[in-house]
Amino acid sequence: MGFKLGPHNTLYEKSQPWNFEVDSDAAQLEQDMIAFMKQHNGIGLAAPQIGIAKRVFVMGCDSLEGFPSPFVAFNPVILNASEEEELGDEGCLSYPDLWLKVKRPKTVVAEYQDAKGNTYTVEMSGLIARCFQHELDHLNGICFVDKVSQMKLNLAMKKLRKKK
């Protein structure tokens, strides 16, 4: 599992769909990505964050009440998002210790495939919906720092530098 977090070019590119017939072992990738996410104390990790330009992410956490156990989402899409939005705190493994308030739809209906290619349609709200949207953004070359004004980002960066 030679993954590493870093400024990979894949972080800023739109990822390619996962092809179950051609791409590598989906089940092994799921295991490796979940292990890596847990090792770094994350609740989500997208393939582009570790240099893989494919439409796949993992999310979940066994210690957050009401949050799902870690699972993989291959080729995820949002089918519907609520007009109602909410502002919430977000962090990112690609930007350690940086926290920003990001506005996102409150609920989403999404579709994704598991490591065997089975398709699921789910409705999510709260932190689960926020995490799903955050990770899906990574697959489209968007980072959470792109979702706030330059002024808010600069203030957060200044606060982070003071902490260190």
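Before we move on, is LYS116 basic (Lys, Arg), more than 21 Å from LYS14 (Cα to Cα), modelled with pLDDT of 95 or more and surrounded by 13 or more Cβ atoms within 10 Å (Cβ to Cβ)?
Working: basic (Lys, Arg): yes; more than 21 Å from LYS14 (Cα to Cα): yes; modelled with pLDDT of 95 or more: yes; surrounded by 13 or more Cβ atoms within 10 Å (Cβ to Cβ): no.
The answer is no for LYS116.
Could you tell me whether segment 94-111 includes any residue that is under 19 Å from GLU30 (Cβ atoms), among the polar types (S, T, N, Q) and at pLDDT 95 or above? Working first, answer last.
Taking segment 94-111 and keeping what is under 19 Å from GLU30 (Cβ atoms), we get 110-111.
Subsequent filtering for residues that are among the polar types (S, T, N, Q) retains none.
Checked against the condition, which is being under 19 Å from GLU30 (Cβ atoms), among the polar types (S, T, N, Q) and at pLDDT 95 or above, segment 94-111 yields no hits at all.
Taking MET124 and the conditions (1) in contact (Cβ under 8 Å) with a residue 60 or more places away in the chain; (2) touching a helix residue (DSSP H, G or I) at 6+ places or on another chain (Cβ under 8 Å), which numbered condition does it fall short on, given that it satisfies the others?
(1)
Would you please name the residue that is farthest from THR10 (Cα to Cα), looking only at residues in segment 55-78 that are free of Cβ contacts under 8 Å to residues at least 60 places away in the same chain and of a type in the set (D, E, K, R)?
In this case the residue turns out to be GLU65.
Looking at segment 1-40, which of the residues that are more than 14 Å from the chain's Cα centre (by Cα) and among the aromatic types (Phe, Trp, Tyr) is farthest from GLY60 (Cα to Cα)?
Taking the candidates together, the pick is PHE20.
Which one of GLU85, GLU111 is over 18 Å from LEU45 (Cα atoms), surrounded by fewer than 16 Cβ atoms within 10 Å (Cβ to Cβ) and free of Cβ contacts under 8 Å to residues at least 40 places away in the same chain? Show your work before the answer.
On the way: GLU111 fails: over 18 Å from LEU45 (Cα atoms).
Answer to the check: GLU85.
Suppose we filter segment 1-28 for residues that are part of a loop (DSSP other than H, G, I, E, B), among the hydrophobic types (A, V, I, L, M, F, W, C) and over 16 Å from HIS138 (Cβ atoms); how many remain?
Within segment 1-28, the subset part of a loop (DSSP other than H, G, I, E, B) is 1-8, 13-15, 17-25.
Next, only the ones that are among the hydrophobic types (A, V, I, L, M, F, W, C) stay: 1, 3, 5, 18, 20, 22.
Next, from what is left, pick out any that are over 16 Å from HIS138 (Cβ atoms): 1, 20, 22.
So the answer is 3.
May I ask you to list the residues in segment 1-55 that are of a type in the set (Asp, Glu), closer than 23 Å to GLU111 by Cβ and surrounded by 15 or more Cβ atoms within 10 Å (Cβ to Cβ)?
Let us first name the residues in segment 1-55 that are of a type in the set (Asp, Glu), namely 13, 21, 23, 25, 30, 32.
Retained after the next criterion (residues that are closer than 23 Å to GLU111 by Cβ): 13, 21, 23, 25, 30.
Across segment 1-55, the qualifying residues are ASP23, GLU30.
Would you list the strands (runs of 3 or more DSSP E) that sit entirely within segment 52-164 and hold 1 or more residues that are touching an Asp or Glu at 6+ places or on another chain (Cβ under 7 Å)?
Values: elements: 56-59, 71-81, 85-92, 95-105, 107-113, 119-125.
Here the list reads 56-59, 71-81, 95-105, 107-113, 119-125.
Being surrounded by 11 or more Cβ atoms within 10 Å (Cβ to Cβ), under 16 Å from TYR112 (Cβ atoms) and in contact with a Pro (Cβ under 8 Å, 6 or more places away or on another chain) narrows it down to one of VAL72, VAL58, VAL77, so name that one.
On the way: VAL72 fails: in contact with a Pro (Cβ under 8 Å, 6 or more places away or on another chain); VAL77 fails: in contact with a Pro (Cβ under 8 Å, 6 or more places away or on another chain).
Only one candidate passes the filter, namely VAL58.
May I ask you to verify whether GLN28 is over 22 Å from ILE128 (Cα atoms), among the polar types (S, T, N, Q) and touching a strand residue (DSSP E or B) at 6+ places or on another chain (Cβ under 9 Å)?
Values: over 22 Å from ILE128 (Cα atoms): yes; among the polar types (S, T, N, Q): yes; touching a strand residue (DSSP E or B) at 6+ places or on another chain (Cβ under 9 Å): no.
In short, no.
The values are calculated or read from the model by the stated rules, or taken from the named source; none is laboratory data. This is a predicted model, so every value here is computed, not measured. We place every Cβ from the backbone using ideal geometry, glycine too, and count neighbours over all the protein chains shown.
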